[in-house]
Amino acid sequence: MSDTIETFLEESRVFEPSAEFKAAANASDPNIYEKAEADPEGWWVSWAETLDWSQKWHTVLEWNQPFAKWFVGGKLNACYNCVDRHVVSGKGDKIALIGEGEPGDVRNFTYSQVKDRVSQIANGLKAIGIGKGDIVAVYMPMGPELAMTMLACARIGAPHTVIFGGFTAESIADRANNCGAKAIVTSDGTWRRGKIVELKRIVDEAMELGCSTVDKVLVFDRVGKPGTMTSGMATPDYNAGTWVDGRDVKAADVCDTASTDCPCEEMDAEDLLFILYTSGSTGKPKGIMHTTGGYLTGTTATTKLVFDMKDEDIYWCTADCGWVTGHSYIVYGPMSNGCTQVMYEGAPDAQGKDRFWKIIEKHKVSILYTAPTAIRTFMKWGEDLPNGCDLSSLRLLGSVGEPINPEAWMWYHRVIGRERCPIVDTWWQTETGGIMVTPLPGIVSTKPGSATRPFPGVGATIYDEDGNDIGADSDGEVGGLLVLKRPWPSMLRGIWGDEDRYRDVYWSKFSDAYFAGDGAKRDADGFFWLLGRVDDIMLVSGHNISTMEVESALVDHPAVAEAAVIGKQHEVKGQAIAAFVIIKQGFEPSDELRQEIRMHVGQKIGPVARPDDLIFTADVPKTRSGKIMRRLLRDIAEGRLLGDTTTLADPNVVASLQAEHDKES
């Protein structure tokens with residue numbers, strides 16, 4: 001049986017954790033993988049037992065594929081485990097959240113203060129009619145109030161659905177209507193590159209479009225009235241929306257004056273904790289459901305081991321809580337571990353392109369978790385900016401969101417980590433709830449671009465198109481489809497209101513496994529390499545080639561900061577490779593450079609992977625979570641009319657790319 005995906009790009013560099021790091025690591029037992037594999041349920045039970053339960057489960061797992069129930073009969077509360085138990089254990093004075101606004105304002109909250117404020121917000125939600133089981137939509141700035149509102153919902157048993165603060169009114173209405181949200185929690189606005197994003201006005205537009213189940217809109221103050229000074233910056237004029245009496249409620253009126261006493265609702269392990277919408281390549285967004293006990297178990301375990309989380313760490317995940325990374329690795333995983341963390345409101349280049357590095361320097365961040373998209377942007381901006389800041393507090397780096405190119409990995413290692421910080425490259429999805437493939441930094445050596453090994457207890461392997469497990473026993477390199485062969489606690493419990501879609505999307509391709517939708521290879525050392533979505537595999541002259549591998553070869557060229565690759569229709573080859581390339585500062589686009597980069601790819605991978613078209617561009621179209629929109633690039637390269645661009649981070653990118661391609665065609 002031939003492999004599903006042929007892989008060409010080779011990476012031989014290996015980095016071992018230092019002896020000092022190994023000696024102090026949370027995961028130090030080299031037999032941890034074998035022990036977890038011998039008894040996966042027992043492994044997850046050991047982590048569930050680190051949580052506080054008001055009633056213990058009677059059954060670890062009920063598995064009726066594709067539906068799982070974990071810790072059946074158990075009772076607990078996610079907010080209690082993330083906040084109250086740390087106060088009870090004597091850590092109430094420990095800083096939980098360091099909120100830095102884009103204007104530069106900084107607010108610190110201890111765990112005791114978080115408990116009090118979460119209780120006030122929870123009582124405020126009760127005051128506007130929210131109770132156990134009611135769904136609350138949250139559309140707020142990235143800051144402590146967002147995290148505390150999520151926790152307040154969990155405290156009273158009201159599932160939340162967080163909507164990214166950059167989404168449109170249509171997106172809010174679609175999501176609120178789909179899940180039947182009873183209330184929307186928002187803010188007057190948020191800062192973005194010195195301007196105000198008018199959140200309340202956008203919610204008003206959503207309500208005008210029709211949110212039939214929403215009774216109340218709870219509004220927090222963030223930016224204040226025009227002219228108000230925030231850390232030296234005056235709030236500019238902006239549209240604060242229209243106040244609707246009887247519907248709109250000021251948080252200052254119902255939360256600020258509320259009692260700090262709000263008991264936690266006892267929740268079943270399988271009670272819904274949140275719904276988070278994720279878009280597919282086609283069709284309406286999917287409401288991914290996560291429940292309480294299993295999800296909290298998975299995020300607690302992965303946070304502790306993957307990030308080697310210590311009590312003294314200052315942790316910063318740069319994601320937004322509008323995405324699953326912000327749920328799992330800002331709110332629930334880190335806070336269940338009682339960590340101190342930074343939350344930053346604004347853009348990475350607000351008040352200077354060294355803003356991230358200044359935040360690390362100011363707050364002495366020791367663990368940084370960010371996205372390859374951001375890393376490649378920093379590469380484009382140059383080394384002088386991070387080199388001008390004190391990053392000596394960093395001890396561990398993480399990558400999330402998409403496969404990381406080896407040269408971006410190396411830049412991250414060399415420039416940000418100063419060649420002393422382990423890098424944990426993580427693969428997971430909204431649907432998996434927590435990290436599935438990653439190195440454990442005290443045990444596993446790392447290779448640039450590889451997510452290395454499945455997390456202990458996770459049954460990941462590689463299938464070919466016919467469902468044969470080609471990753472199980474092979475000693476050599478294999479390429480195919482990444483699947484998960486057994487249930488795990490943090491897995492999604494379905495798609496809200498659409499059981500058939502859940503089956504069709506995730507369980508129809510193979511009868512015995514969850515198909516993640518991603519291609520992967522496993523090398524001779526057993527390390528996993530993510531190759532991107534299967535939709536992003538190009539068939540070039542009979543060869544299945546991953547866009548990620550070609551992009552990695554492009555970024556390996558010293559002039560290239562970032563690249564996006566697609567396969568375009570070709571009458572002879574089937575598909576030809578088209579590359580959109582962003583070059584670094586100090587280089588100028590030219591025909592000579594174009595040919596040099598094309599030849600470089602041929603030398604790194606082979607002639608079959610050399611791009612037919614190479615277009616220089618200032619940027620590439622991305623979703624608001626930073627993923628490249630290859631469908632639009634394919635439309636551009638093949639000369640078709642552009643499709644829907646409502647989720648683009650910068651729609652102007654598409655127009656400029658279209659013009660550039662037309663000029664060079």
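The values are calculated or read from the model by the stated rules, or taken from the named source; none is laboratory data. Because the structure is predicted, anything quoted here is derived from the model rather than measured. A quick note on method: Cβ atoms are made from the backbone with ideal geometry, for glycine too, and the neighbour counts reach across all protein chains shown.
A quick yes/no check of all residues on (1) touching a Gly at 6+ places or on another chain (Cβ under 9 Å); (2) under 21 Å from Val324 (Cβ atoms); (3) in contact (Cβ under 8 Å) with a residue 60 or more places away in the chain:
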position	(1), (2), (3)
Leu482	yes, yes, no
Ser490	yes, yes, yes
Arg501	yes, yes, yes
Trp507	no, yes, yes
Phe515	no, yes, no
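Kindly indicate whether any position in segment 579-596 is closer than 30 Å to Ser171 by Cβ, surrounded by 19 or more Cβ atoms within 10 Å (Cβ to Cβ), touching a Leu at 6+ places or on another chain (Cβ under 8 Å) and not assigned by TED's automatic domain parsing to the domain that holds Gly401. Yes, segment 579-596 contains at least one residue that is closer than 30 Å to Ser171 by Cβ, surrounded by 19 or more Cβ atoms within 10 Å (Cβ to Cβ), touching a Leu at 6+ places or on another chain (Cβ under 8 Å) and not assigned by TED's automatic domain parsing to the domain that holds Gly401. Could you check segment 223-254 and list, in sequence order, the residues that are in a loop (DSSP other than H, G, I, E, B) and touching a Phe, Trp or Tyr at 6+ places or on another chain (Cβ under 8 Å)? The answer is Val223, Pro226. Filter segment 339-356 down to residues that are charged (D, E, K, R) and buried (at least 21 other Cβ atoms within 10 Å of the Cβ), then give me how many there are. Of the residues in that region, 1 qualify.
Taken together, Asp349, Asp320 contain a single residue that is acidic (Asp, Glu) and within 19 Å of the chain's Cα centre (by Cα), which is Asp320. Checked against the criterion of being assigned by TED's automatic domain parsing to the domain that holds Leu614 and more than 26 Å from the chain's Cα centre (by Cα), segment 550-557 has at least one qualifying residue. When segment 214-255 is limited to residues that are among the polar types (S, T, N, Q) and surrounded by 15 or more Cβ atoms within 10 Å (Cβ to Cβ), the one that is farthest from Gly143 (Cα to Cα) turns out to be Thr235.
Considered as a group, the residues in segment 463-500 that are modelled with pLDDT of 95 or more and of a type in the set (A, V, I, L, M, F, W, C) include one that is surrounded by the fewest Cβ atoms within 10 Å (Cβ to Cβ), and that residue is Leu484. Number of residues in segment 147-197 that are touching a strand residue (DSSP E or B) at 6+ places or on another chain (Cβ under 9 Å), among the basic types (Lys, Arg) and in a helix (DSSP H, G or I) equals 1.
Just one of the listed residues (Asp613, Asp644, Asp635, Asp650) is outside the structural domain of Thr278 (by TED's automatic domain parsing) and at pLDDT 85 or above, and it is Asp613. Scanning segment 304-324 for residues that are assigned to a helix (DSSP H, G or I) and either surrounded by 24 or more Cβ atoms within 10 Å (Cβ to Cβ) or outside the structural domain of Glu49 (by TED's automatic domain parsing) (or both) yields Val306, Val324.
Yes or no, residue by residue, for (1) surrounded by 23 or more Cβ atoms within 10 Å (Cβ to Cβ); (2) in a loop (DSSP other than H, G, I, E, B); (3) not assigned by TED's automatic domain parsing to the domain that holds Gly157:
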{"residue": "Cys79", "(1), (2), (3)": "yes, no, no"}
{"residue": "Arg85", "(1), (2), (3)": "no, no, no"}
{"residue": "Gly90", "(1), (2), (3)": "no, no, no"}
{"residue": "Asp93", "(1), (2), (3)": "no, yes, no"}
{"residue": "Gly104", "(1), (2), (3)": "no, yes, no"}
{"residue": "Ser112", "(1), (2), (3)": "no, no, no"}
{"residue": "Lys115", "(1), (2), (3)": "yes, no, no"}
{"residue": "Val118", "(1), (2), (3)": "yes, no, no"}
{"residue": "Asn123", "(1), (2), (3)": "no, no, no"}
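Within segment 227-251, being of a type outside the set (Asp, Glu), closer than 20 Å to Thr149 by Cβ and at pLDDT 95 or above holds for Arg247, Val249, Lys250, Ala251.
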